[in-house]
Amino acid sequence: MKESFLKPGKNKKHPEKQSRRDFLKSGVKIIGGIGIGGLAFFGVKKLWEDQSKANLKDRITSPYTDAEMHLFYDAHMKKIIEDELSAGKYNIPEIRDRYAEIMKIIADKHGAHLKLKMCTTYNKASKDIIAGSGFTPENVPVVEFIIPKVMDEYKELAQKNEPNLEERFQILVVTSFMHELDHLKLGHGLGKVRGYISSLDELSKDEAEAWAETCRYTFTPLVEKYHIQLPGTKNEFFNNWVKCGKDASSLEWKNFIREFYKATR
Ligand SMILES: [Zn+2]
């Protein structure tokens, strides 16, 4: 596994110097010498999986080459993840603040900064999984993007001749990311080994909690304030959340989530 720190954008005028100054003013310690933009502030570290070294017992091979996946990330994901969300510059304030809040909670609780992992193979639990989260044995929180599935989603949107293709895709990335952060905030996956597949009971309980948070803090402003259309499944989750009176403890909500996840077990 090759580990690389995020690099600052090339086209900007010394963004790293400016933000480093702001950063020092804020009195927060820079971790591991990553003095680059808001990333240092939020302490996000990115890793790319090397497909040839991926543990294929736990994974399903990607139809895309490593080069294609890297190019795709640079063209369609880097800006939203690195320059906007992780830099504290995302243009929807509710989500920008929620991201910062969760990052702070995670850092305070676990004393570690988020690792962002780009997986170059599908998840063996299901080829439909777009992102995942958990903790390393050292309790470092990790969010994974399953790049082949992310690319499939992009292709599907493109084939529909979606007029706001990039915008729709960005919402998919942001909402997936925020949902995984909700899991980490709730401490889901702590103490579990990598590749652990939970029972339907355990999965349903965690997902009902996490999706309630995602519906409340991410989907509600997107839909009700900004009138943004959520991607397919997420729209279904939000509609059911509303139908259940936005009540995470309601039986209907728990049952809806359980029914949804039944197919994965
Ligand atoms: Zn989830």
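The values are calculated or read from the model by the stated rules, or taken from the named source; none is laboratory data. For clarity, every value in this text was computed on a predicted model and none was experimentally measured. Ideal geometry is used to build each Cβ from the backbone, glycine not excepted, and the neighbour counts take in all protein chains shown.
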Practice problem: Would you be able to tell me the number of residues in segment 50-105 that are charged (D, E, K, R) and in contact with a helix residue (DSSP H, G or I) (Cβ under 6 Å, 6 or more places away or on another chain)? | Solution: 3
Self-check item: Any chance K234 is in the same structural domain as K115 (by TED's automatic domain parsing), touching a helix residue (DSSP H, G or I) at 6+ places or on another chain (Cβ under 7 Å) and of a type in the set (K, R)
Solution: no
Quiz item: Does any residue of segment 222-229 turn out to be within 14 Å of the ligand (Cβ to nearest atom), in a helix (DSSP H, G or I) and closer than 20 Å to S176 by Cβ?
Solution: no
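Quick grid of which residues meet (1) free of Cβ contacts under 8 Å to residues at least 60 places away in the same chain; (2) more than 12 Å from the ligand (Cβ to nearest atom); (3) assigned to a loop (DSSP other than H, G, I, E, B):
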{"residue": "I129", "(1), (2), (3)": "yes, no, yes"}
{"residue": "S133", "(1), (2), (3)": "yes, no, no"}
{"residue": "F145", "(1), (2), (3)": "no, yes, no"}
{"residue": "N161", "(1), (2), (3)": "yes, yes, yes"}
{"residue": "S176", "(1), (2), (3)": "yes, no, no"}
{"residue": "H179", "(1), (2), (3)": "yes, no, no"}
{"residue": "D182", "(1), (2), (3)": "no, no, no"}
{"residue": "D201", "(1), (2), (3)": "yes, yes, no"}
Exercise. Could you tell me whether K262 is basic (K, R) and more than 16 Å from I129 (Cα to Cα)?
Key: no
